[in-house]
Amino acid sequence: MRIIQISDTHLSAGKPHFVRNWAPLRDWVAGQRPDLVIHTGDMTVNGADQEDDLSFCAARCAEIGPRVLVAPGNHDVGQPGSHQPIVAERLQRWQQHFGPDHWLHDIPGWRLLGLNAMLFASGHPAEAEQDAWLVHAMQTAGQRRIAWFMHLPLFLEHPDEPDTGYWTVKPEPRRRLLDLVRRHEVALVGAGHLHKAHDLVMDGTRYVWCPAGSFVVGPGMQEEMPGEKFLGAVSLELAPDRLDVSLVHLSQLAVLWIDDVVHEVYPKPASQAQRPPN
Ligand SMILES: [Fe+2]
Ligand SMILES: [Fe+2]
């Protein structure tokens with residue numbers, strides 16, 4: 001089965017700074033004739049607060065053709081500890097436009113699980129519900145191999161690294177999730193958020209960062225972080241006995257830098273210092 005993973009499109013009708021990259025990304029995806037498309041979040045510029053962004057992006061997803069499964073990002077549903085905390089209203093708004101924020105999709109030989117990474121360390125009741133659902137989904141996978149898709153990577157360089165702040169899942173939920181990864185021999189964890197491309201195998205699990213379809217981030221915000229800085233997608237071939245991963249650099253996307261427009265797209269909240277916009 002051919003799957004294309006895309007991520008971090010940051011689309012909005014009201015803030016159309018990155019919309020020019022949508023048509024070439026969509027057309028490339030369609031040309032690959034995938035069986036399934038998975039979007040790992042930050043689909044919107046600000047779906048967390050602007051419902052128009054969610055409806056605009058739902059319409060863009062419908063243009064792709066094959067089924068699109070989406071795992072939400074921080075700009076879609078909010079983020080714990082930010083000026084857009086996880087609250088029921090944001091989660092419900094997402095679900096109205098995109099369906100469940102976590103999902104299970106079985107294909108021959110594989111169980112694909114989409115997670116709402118923004119719930120981790122949120123303390124919202126939906127976090128415990130998703131945790132229980134995930135354990136059950138893992139326990140009932142049978143002989144299928146397992147792949148996870150979620151917005152945040154579990155870690156940057158090593159599972160035991162300290163809190164990375166904005167960039168990854170927090171250490172406490174990370175520990176619980178990595179216990180599941182090891183116990184059930186998860187084959188693939190596909191993430192987004194970093195706007196960088198990376199492919200790492202550790203203890204038999206393949207950790208892949210999907211490049212963004214919108215913009216890259218200047219060195220001032222991402223010094224000494226692994227991965228390659230380009231725009232593109234990930235091509236996956238999954239069969240019962242096979243996992244092929246290709247990071248795809250799409251030169252037809254314009255190399256846009258968030259640094260040039262961050263004051264317009266993500267103006268600093270009155271209550272906070274400027275933070276990275278990924
Ligand atoms: Fe993000
Ligand atoms: Fe992003």
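Quick notes on this one:
- All positions within the stretch 222-278 that are among the aliphatic types (A, V, I, L, M), assigned to a loop (DSSP other than H, G, I, E, B) and under 17 Å from PRO153 (Cα atoms): MET225
Residue-by-condition table, conditions (1) within 16 Å of ligand 1 (Cβ to nearest atom); (2) polar (S, T, N, Q); (3) over 15 Å from the mean Cα position of the chain (by Cα):
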position	(1), (2), (3)
GLU51	no, no, yes
PRO72	yes, no, no
ALA88	no, no, yes
HIS102	no, no, no
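- Residues being touching a His at 6+ places or on another chain (Cβ under 9 Å), charged (D, E, K, R) and loosely packed, with under 11 Cβ neighbours inside 10 Å - total across the stretch 220-278: 1
- One residue alone among ASP76, ASP42, ASP49 is away from ligand 2 (no atom under 12 Å from the Cβ) and either at negative phi or not in a helix (DSSP H, G or I) (or both), and that residue is ASP49.
- The stretch 141-160: number of residues that are under 24 Å from VAL68 (Cα atoms) and either more than 16 Å from ligand 1 (Cβ to nearest atom) or in a strand (DSSP E or B) (or both): 7
- Residue within the stretch 111-118 that is within 16 Å of ligand 1 (Cβ to nearest atom), within 30 Å of GLY204 (Cα to Cα) and in a loop (DSSP other than H, G, I, E, B) present: yes
- Of the residues ASP163, ASP106, ASP131, the single one that is out of contact with any Gly (no Cβ under 8 Å at 6 or more places or on another chain), part of a loop (DSSP other than H, G, I, E, B) and of a type outside the set (S, T, N, Q) is ASP163.
- Yes/no for ILE86 being among the β-branched types (Val, Ile, Thr), modelled with pLDDT of 95 or more, in a loop (DSSP other than H, G, I, E, B) and more than 27 Å from THR205 (Cα to Cα): yes
The values are calculated or read from the model by the stated rules, or taken from the named source; none is laboratory data. Predicted model only: the values in this text are computed from it and were never measured. Every residue, glycine as well, gets a Cβ built from its backbone with ideal geometry; the counts of neighbours run over all protein chains shown.
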